[in-house]
Amino acid sequence: CIHIDIVDKTMKKNANQIEIFRFETIKAYWPNTQIQTHIMSKDPSKWVSKVLPFSDVVYVHGDINKDLNHIISEIRNMGKLVGIALSITSEINNYTKLLQKADYVLLLTIKNPGNSGQIFHSSAFKKIEQINNLSFRNQFVLCVDGGVNTSISKLINSECIVSGSSVLKNPNPAKQIMRLQTDNRYEN
């Protein structure tokens with residue numbers, strides 16, 4: 001899958017201008033690849049309708065103190081999958097009702113979402129365990145995002161991971177993707 005982050009100024013003061021036309025290009029180049037869009041905004045409603053035509057999964061933050069029911073309905077009405085993103089500081093038990101509405105759950109495992117190249121926060125393992133122990137855990141896909149590299153990926157109990165810097169800063173990105181996908185089984 002392809003994971004795209006949208007970061008606006010409500011989450012990061014010096015965020016770059018968001019260029020939605022790039023979504024169309026990505027979808028054109030990879031028409032049969034799942035596109036996951038992570039909207040990092042305290043007002044995701046202004047972005048959802050713009051990314052839905054090009055996205056298969058849309059993540060919105062569950063910890064922004066907004067009623068997300070309308071946004072969840074909008075995503076579902078377009079036949080897309082609902083993703084709920086939580087940060088490393090989120091108390092999982094405070095979001096169980098919201099997580100029950102999710103097809104995907106994204107756990108951000110870094111301190112400052114929206115900033116690439118950070119290290120995986122050690123408290124994430126406990127959060128992942130809490131999520132995996134939810135009684136309705138079989139109803140969603142768990143995705144872990146932030147600071148994931150080959151040494152961390154094999155320790156994570158989730159269906160998918162997002163690894164930007166580890167791949168993009170590697171001299172051989174394709175080989176690095178293979179390493180992440182196979183839990184270091186094929187190092188050479």
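From the list THR37, THR89, exactly one residue is open to solvent by 10 Å² or more (accessible area, probe 1.4 Å) and either over 21 Å from ASN138 (Cα atoms) or among the small types (Gly, Ala, Ser) (or both). Which is it?
On the way: THR37 fails: open to solvent by 10 Å² or more (accessible area, probe 1.4 Å).
None of the other options fit; the residue is THR89.
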_For region 1-108, give me every one of the strands (runs of 3 or more DSSP E) that falls completely inside it and has 1 or more residues that are more than 19 Å from SER158 (Cβ to Cβ), among the β-branched types (Val, Ile, Thr) and in contact with a Phe, Trp or Tyr (Cβ under 8 Å, 6 or more places away or on another chain)._
2-7, 35-40
*Hey, could you check region 129-145 for residues that are under 15 Å from the mean Cα position of the chain (by Cα) and touching a residue at least 40 places away in the same chain (Cβ under 8 Å) and say which is farthest from LEU99 (Cα to Cα)?*
ASP145
_Check on GLU129, under 22 Å from GLY146 (Cβ atoms) and assigned to a helix (DSSP H, G or I)_ = yes
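Taking the criterion of being closer than 23 Å to ILE92 by Cβ and open to solvent by less than 60 Å² (accessible area, probe 1.4 Å), would at least one residue in region 49-57 satisfy it? Spell out the reasoning first.
Restricting attention to region 49-57, the residues satisfying the condition of being closer than 23 Å to ILE92 by Cβ are 57.
Then keep just the ones that are open to solvent by less than 60 Å² (accessible area, probe 1.4 Å); that gives 57.
Yes: region 49-57 contains one or more residues that are closer than 23 Å to ILE92 by Cβ and open to solvent by less than 60 Å² (accessible area, probe 1.4 Å).
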*asked:* Among the residues of region 163-184, are any surrounded by 14 or more Cβ atoms within 10 Å (Cβ to Cβ), closer than 28 Å to PRO44 by Cα and modelled with pLDDT of 80 or more?
replied: no
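Quick grid of which residues meet (1) of a type in the set (Gly, Ala, Ser); (2) modelled with pLDDT of 95 or more; (3) over 16 Å from the mean Cα position of the chain (by Cα); (4) open to solvent by less than 30 Å² (accessible area, probe 1.4 Å):
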site	(1), (2), (3), (4)
ASN16	no, no, yes, no
PHE21	no, no, yes, no
THR25	no, no, yes, no
ASP43	no, no, yes, no
TYR95	no, yes, yes, no
THR109	no, no, no, yes
_Hits in region 45-60 - residues which are more than 15 Å from the chain's Cα centre (by Cα) and small (Gly, Ala, Ser)_ = SER45, SER49
*Looking at this structure, is SER73 within 12 Å of the chain's Cα centre (by Cα) and either modelled with pLDDT of 95 or more or open to solvent by less than 60 Å² (accessible area, probe 1.4 Å) (or both)?*
no
*Identify the single condition in (1) touching a strand residue (DSSP E or B) at 6+ places or on another chain (Cβ under 6 Å); (2) loosely packed, with under 15 Cβ neighbours inside 10 Å that GLY83 does not satisfy, given that it satisfies every other one.*
(2)
*For region 51-70, indicate whether the set of residues that are in contact with a helix residue (DSSP H, G or I) (Cβ under 6 Å, 6 or more places away or on another chain) and acidic (Asp, Glu) is non-empty.*
no
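Quick one: which residue in PHE125, PHE120 is in contact with a helix residue (DSSP H, G or I) (Cβ under 8 Å, 6 or more places away or on another chain) and of a type in the set (Phe, Trp, Tyr)? Working first, answer last.
On the way: PHE125 fails: in contact with a helix residue (DSSP H, G or I) (Cβ under 8 Å, 6 or more places away or on another chain).
Matching residue, one of PHE125, PHE120: PHE120.
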*Taking interchain pairs and intrachain pairs at least six residues apart, which have beta carbon atoms under 6 angstrom, with the first residue in region 5-29 and hydroxyl-bearing (Ser, Thr, Tyr) and the second surrounded by 11 or more Cβ atoms within 10 Å (Cβ to Cβ)?*
THR10/SER41; THR10/LYS42; THR10/ASP43
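The values are calculated or read from the model by the stated rules, or taken from the named source; none is laboratory data. The shown structure was predicted, so the numbers you read here are calculated from the model rather than taken from an experiment. No Cβ is skipped: glycine too gets one built from the backbone with ideal geometry, and neighbour counts run over all protein chains shown. Protein only, heavy atoms only, side chains kept; ligands, DNA and RNA dropped before computing areas. Shrake-Rupley method; radii C 1.70, N 1.55, O 1.52, S 1.80 Å.
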